[in-house]
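Shown next, in structure tokens, is the structure this report addresses.
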Amino acid sequence: MDIRRFLFITLIIIILIGVVVLVGSSQVSPATIIVSMLATTVAVATPLTLGALSGVFCERSGVVNIGIEGMMLASAFFGWFAAIYLNTILGFQPLPSLLTGVVVAIITGGLLGLLHAWLSITFKVDQIIGGTVINLLAVGISGFLNRQLFFEKGSIFGGQVPHAPGVLPRIQIPLISDIPVIGKIFEQQPIAISAIVLVIIAHVVLFYTRWGLRTRAVGEHPRAADTVGINVYKMRYWNVIIGGMIAGLAGAYFTLESVPSFEPLMTNGRGFISLAAMIFGNWSPFGAWAAALVFGAAQALQINLQFFRTLIPPQWAFLQQSSIVGLVPYILTMLILTGIIGRTTPPKADGIPYEK
Amino acid sequence: MEAKQGQVNQKFKTRIQRWFASSWSALLVPLLAVLTAFVVGGIVIAMAGGNPFSAYLGLLEGAFGSTKSLSETTVWATPYIFAGLAVALAFKGGLFNIGAEGQLALGAVASAWVGYALPGLLGINLPTIFLLPLTVLAGVIAGGIWGAIPGWLKARTGGHEVINTIMMNYIALNMVSYLLNGPMKDPNPLNVIARTPEIAESARFTPIFSGYRMHWGFILAILIAILVWFLLWKTTLGFEIRTAGANPDAGKYAGVNVGRTIVLSMTLSGMLAGMAGAIEVTALNYRHELGFSIGYGFDAIAIALLAKSHPLGVILSAILFGAMRNGGTRMQFLTQIPVDVISVIQALILLFVAADAIVRFIFRIKAREERVVLTRGWGG
Amino acid sequence: MNTNEVILEVRGITKQFPGVLANDRVDFDLRKGEIHALLGENGAGKTTLMNILYGLYQPDSGEIRRNGEVVKFSSPKDAIAQGIGMVHQHFMLIPVFTVTENIMLGDETVKNGLLDQRTVAALVRQLSKQYGLEVDPQAVIQDLPVGVQQRVEIIKTLYRKAEILILDEPTAVLTPQEVEDLFHIISELSHQGVSIIFITHKLKEVLAIANRITVMRNGKVVGTKTPQETDEAHLAEMMVGREVILKVEKGPAKLGDVVFEVENLSVFDQRGLEAVRDVSFQVKAGEILGIAGVQGNGQTELVEALTGLRTPHHGSVRLGGFDVTASSPRPMIEYGLAHIPEDRQKHGLVLSFPVADNLILCTYYQQPFARNYIIQNKAVDEYAHRLVEEFDVRTPSPYLPASKLSGGNQQKVIVARELSRPVKLLIANQPTRGLDVGSIEYIHQQIVQMRDRGVAVLLVSAELDEIMALSDRIAVMYRGQIVATLGASQATREGLGLLMAGLQIAEA
């Protein structure tokens, strides 16, 4: 990541935190606000980090995936459904139900990844259209099943929305949780922690292993990879499936870690924003993470402002409405795509089906 | 002389035959895609515990069962035609406008505002002949601006229109939500819904037949579709749009101002989507209500792809989608299968249209047409 | 080393592509340590045959024998396992990877689950020493000159223990000096027992280096000769199937006024590096100025800057006395610029459009093709039919998409479009690349005709023969600069070759 983009990221995060500090400092000490903002940032950046990582795997192998949004949404639904089903109908304890839900979400994402791979690699469908198919399919299926399974009279829950088994508990990582301030920031729930771990793993895999070398080769110059006996299709298939599984984990965040409920369209564009994070992060795991944190901070701003709503002067009150302050991530995304904060280079064969 | 006449007849006949043959082959794959989607959709319904046959019967009855339902189908199809044309025109220009949703919503809001507020602001009662066109125009312009911005960003900075139009959707929908809950909320003390006041009488289209909701917007939509077809294939501007879309490098080489053409295509596309919103307000609802237009912009993508981006095909596929949406309510009433299943079937239609290789494989059809190419990297 | 031991044998290979019989019962054999040239025109089937030998394509019928045993290659992996290596015409290197990463790709050394770059780099150093192929294992490919990239490709095959090396048009992108180096490397390899298949369409190279020459035409093998048995004219006849006039008929130039004037032009490429540096020249009406140079010495960027496709950052361009520096293409086209672009599928044609629309690509908005912004189908139809006939474009209908035409006919569509307008300046960049001899002759005639009609012609070509046959004056481009400009009569192959390699002639 070049210095310009790094500075930009830092600057934006400081500004966003600064706003909340300014507003709330008369009630709460700045240090507390900063720690709270950072902790919220890391937490709410989770689906964006994972979404961007999903994009990194797909696009490093040469497949554009704008279906991440849909993969997240469908996984959020099926993960949640599995957890509730286990908990309510089969009588499992909440924690095992939730963990199984996470696994189901990952599998759902993987299957949608497989579908995307099938469309874009085998059938060479335009990858943006393929991704759109997945997005629409996810909206349709999750909306339909949500209504059919939970609200219809003849459904398994008898038309009663059952009690959710709660959300995944916070975990304390030995050593790190003992560090004074940092420990507080990284006292997170499991999916948030695993997102950070996955960033590190993805970095090592992509740049230091045989798998990564071949993945990048296939995304840069598939014919060259083909001529040294690498199976381009197979590499792309697996990377898109892995990408789908990571998007599935991101989906699990919504219904199993963040809130214990499902709502149609609840991913709310996070899948698309994570693509912007991936682009801004130059298709590298750490870059993507850093960019995801910016968006996370923007969202943390919205959440933390809620605590201080009484402190905001009335003439500025409209800014604090979710439909106004909520615009920040979207505008930020468009700003980033203009390339005024440094242009990044996609893998050369990104989006181009490979013809033997 | 007679021989010549016969020759001419013969020539004419083969031309007709060729035309039918070519239209048939153009229609065949989309038709089979729709069929396949319904079959797979039926499986989904069955798996979720419903009876697909009664569901589809209900759907048919609801869509075409009576003059009333026919009228309702055209009501549904109208915004679909406009929005489908919006996406199709952008496709022809090599652009993927996922932003029809937001352009449509903003168009509706702008239109509604002019419709209810302008007479008051001017302090006079404008006659229909002025106010109605102004009201529609407001929506068209709002949509056009909302389309032009991502177009300009693409031409100027290379920022990919797919992500930008999606972002513009969220921005538009948030703005609309803010406006309808705040400054533009219907001040009637009984109103609890996020909606605008009703537009002035003189800003409205009249119904075509009394007792039916079918309105002039449907006729207008068909006329606009023909106009778009004419624009794309018979004018120099259309030539430029298609050239910039099919091969921007060659376009630049040939002296076409590709950047300007991109902005123009996106503006026209946004205007069409804005018109969809404006017509909903002026001809149907007489106001705009939050959440009313959700999903139109996304359905429009499927409609345009099903029509292979041909404006006249858009009419047909919009009617199909309108019929499904309209019939869906009846289906839900009769079979308790949620109307949301329509979204699943529509997504499946898109799937089989996009991956027509699957359909060709299932039905053993050879030959293939040109492929839509949109992915030209992120350029960011 | 050159024994008679046959190590690779191809018998009756046939390969059909949609519409083309690319290989028709081809027989071919290779001996140990031999340099065997495979000669043929573009589209003769050489590359198809080699792709079959390398496992990229599977033949419809026929067999391959390695050391007498029948082998089947279902992927390059099988071919590599049989000791076959291939250096493709377009290098199969990943530009953003290092030399080591490129060489190990597909055959990686792994330690503790991670890539072991150090071991591979050491092996690369050892190989480069053994065969005299100098490279830095840590260098990133996109920073290396083409000649060095080619060496990396060769090391890549040796790293995989190749005994048979296929070189597909290896000299196309090299300077004459680099070609010399390559020939040294090839003979060194052959001395160490590596057998080499050398694919080319250049007669002189074949006679200079090959032990045996097999000629292909229209997918068939025409014959196999040794250099001693044959000469250039004979080989050319075998290649084309008829006598070839290697010279273009043209009278002396009738010079007019200066039409095109370029002064101190500098242009950046995609990566922001200066690809054209301080270039100046003039072209007069009625003359052909040829710009010679090895590919990638700034010609592409120069032509793009001259035709309005790229903005120069310094200098000026004047067309007919008007300043057109950084002008968009349209005013120049309207003034009388005709441009035959280097990449016909990227710039020259909209492949999905019918031939007719491609013929009016630059003039669709002008009378009679459009009136009041409405396209006049009848006028377009008449014009398209006329041009298709006049320029002998082989297509069943002018409404067939351009993508369905052969390369030669696609180029004819472009030539027809560009030369059927009132032309004052013709800029032709690599106008005959990848075409068959018939089309080449036709396009050469057209270019000379334009000159004789008083058009100023700027011809850019990497084919020295083409430059020498057509030009009245020759400018040589090297690393973005014009290093010399000569009258056609002063120019010799050898002299131009040295200039193209960046070596100044003593007296110049």
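Descriptive notes on the structure:
- Count of the range C:80-90 residues which are within 8 Å of chain A (Cβ to nearest Cβ) and of a type outside the set (A, V, I, L, M): 1
- Selection within the range C:338-376 - β-branched (Val, Ile, Thr) and either within 24 Å of the chain's Cα centre (by Cα) or part of a loop (DSSP other than H, G, I, E, B) (or both): C:Ile340, C:Val350, C:Ile360, C:Thr363
- Neighbours by Cβ (under 7 Å, 6+ apart or cross-chain): first from the range C:308-321, outside the structural domain of C:Ala275 (by TED's automatic domain parsing) and surrounded by fewer than 18 Cβ atoms within 10 Å (Cβ to Cβ); second modelled with pLDDT under 95 and of a type outside the set (Ser, Thr, Tyr): none
- Checking each residue in the range C:53-76 for being touching a residue at least 24 places away in the same chain (Cβ under 8 Å) and within 11 Å of chain A (Cβ to nearest Cβ) picks out C:Tyr54, C:Gly55, C:Tyr57.
- The set of residues in the range C:145-162 that are closer than 28 Å to C:Gly298 by Cα and not in a helix (DSSP H, G or I) contains only C:Pro145.
- Residue within the range B:85-92 that is of a type in the set (Phe, Trp, Tyr) and modelled with pLDDT of 90 or more present: yes
- Residues (surrounded by 24 or more Cβ atoms within 10 Å (Cβ to Cβ), hydroxyl-bearing (Ser, Thr, Tyr) and touching a Lys or Arg at 6+ places or on another chain (Cβ under 9 Å)) located in the range B:125-172: B:Thr135
Yes or no, residue by residue, for (1) within 30 Å of C:Val294 (Cβ to Cβ); (2) in contact (Cβ under 8 Å) with a residue 12 or more places away in the chain; (3) within 12 Å of chain B (Cβ to nearest Cβ); (4) aliphatic (A, V, I, L, M):
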| site | (1), (2), (3), (4) |
| --- | --- |
| C:Ser327 | yes, yes, yes, no |
| C:Ile333 | yes, yes, yes, yes |
| C:Ile360 | no, yes, yes, yes |
| C:Ala370 | no, no, yes, yes |
| C:Val388 | no, yes, no, yes |
| C:Phe391 | no, yes, no, no |
| C:Asn409 | yes, yes, no, no |
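- Residue ranges of strands (runs of 3 or more DSSP E) in the range C:213-298 with at least 1 members in the same structural domain as C:Asp465 (by TED's automatic domain parsing) and of a type outside the set (Phe, Trp, Tyr): C:258-268, C:274-284, C:288-292
- Which listed residue is more than 25 Å from C:Glu178 (Cβ to Cβ) and either at pLDDT below 95 or within 14 Å of another protein chain (Cβ to nearest Cβ) (or both), from C:Gly256, C:Gly298: C:Gly256
- Filter result for B:Gly251 (assigned to a helix (DSSP H, G or I), free of Cβ contacts under 8 Å to residues at least 12 places away in the same chain and closer than 30 Å to C:Asn429 by Cα): yes
- Subset tally (residues that are in contact with a Pro (Cβ under 9 Å, 6 or more places away or on another chain) and among the polar types (S, T, N, Q)) for the range C:359-402: 2
- Of the set (1) surrounded by fewer than 15 Cβ atoms within 10 Å (Cβ to Cβ); (2) more than 13 Å from chain B (Cβ to nearest Cβ), all apply to A:Ile340 but (2).
- Only helices (runs of 4 or more DSSP H) whose full extent lies in the range A:243-336 are considered here, and the ones with at least 1 residues that are of a type in the set (Gly, Ala, Ser), within 14 Å of chain B (Cβ to nearest Cβ) and more than 17 Å from the chain's Cα centre (by Cα) are A:322-325.
- Residues of the range B:248-267 that turn out to be within 17 Å of C:Lys346 (Cα to Cα) and surrounded by fewer than 19 Cβ atoms within 10 Å (Cβ to Cβ), as a count: 2
- Checking each residue of the range C:112-119 against the condition of being of a type in the set (S, T, N, Q), under 33 Å from the mean Cα position of the chain (by Cα) and either at the interface with chain A (Cβ under 9 Å from one of its Cβ atoms) or not in a strand (DSSP E or B) (or both) gives no match.
- Residue that is surrounded by the fewest Cβ atoms within 10 Å (Cβ to Cβ), among those in the range B:338-380 that are in contact with a Gly (Cβ under 6 Å, 6 or more places away or on another chain), at pLDDT 75 or above and facing chain A (nearest Cβ under 7 Å): B:Asp340
- Test: C:Ile196 is in contact with a His (Cβ under 9 Å, 6 or more places away or on another chain), over 24 Å from C:Leu21 (Cβ atoms) and crowded, with 17+ Cβ neighbours inside 10 Å: yes
- Residue selected from the range C:113-140 under the condition surrounded by 17 or more Cβ atoms within 10 Å (Cβ to Cβ) and polar (S, T, N, Q), by the criterion nearest to C:Ser190 (Cα to Cα): C:Ser128
- Of all residues in the range A:99-127, those satisfying the criterion of being within 7 Å of chain B (Cβ to nearest Cβ) and surrounded by fewer than 24 Cβ atoms within 10 Å (Cβ to Cβ) are A:Phe123, A:Asp126.
- Residues located in the range A:60-101, provided they are part of a helix (DSSP H, G or I), over 24 Å from A:Ser155 (Cβ atoms), touching a helix residue (DSSP H, G or I) at 6+ places or on another chain (Cβ under 6 Å) and hydrophobic (A, V, I, L, M, F, W, C): A:Ile68, A:Met71, A:Met72
- Among the candidates C:Val423, C:Val448, the residue that is part of a loop (DSSP other than H, G, I, E, B), surrounded by fewer than 22 Cβ atoms within 10 Å (Cβ to Cβ), more than 17 Å from the chain's Cα centre (by Cα) and not assigned by TED's automatic domain parsing to the domain that holds C:Lys46 is uniquely C:Val423.
- Scanning the range A:203-245 for residues that are surrounded by fewer than 22 Cβ atoms within 10 Å (Cβ to Cβ), of a type in the set (Ser, Thr, Tyr) and without any contact (Cβ under 8 Å) to a residue 24 or more places away in the chain yields A:Tyr208, A:Thr209.
- Apart from one condition, C:Val96 fits all of (1) in a helix (DSSP H, G or I); (2) in contact (Cβ under 8 Å) with a residue 24 or more places away in the chain; the exception is (1).
- Count of the range C:76-90 residues, restricted to those that are polar (S, T, N, Q) and either more than 25 Å from the chain's Cα centre (by Cα) or not in a loop (DSSP other than H, G, I, E, B) (or both), is 1.
- Residue within the range B:277-294 that is under 19 Å from A:Ala138 (Cα atoms), at pLDDT below 95 and within 13 Å of chain A (Cβ to nearest Cβ) present: yes
- Some residue of the range C:399-420 being more than 25 Å from C:Glu178 (Cβ to Cβ) and in contact with a His (Cβ under 8 Å, 6 or more places away or on another chain): yes
The values are calculated or read from the model by the stated rules, or taken from the named source; none is laboratory data. Just so we're clear, the structure is a prediction, and the values are computed from it rather than from any experiment. Glycine gets a Cβ as well: all are built from the backbone with ideal geometry, and neighbour counts include every protein chain shown.
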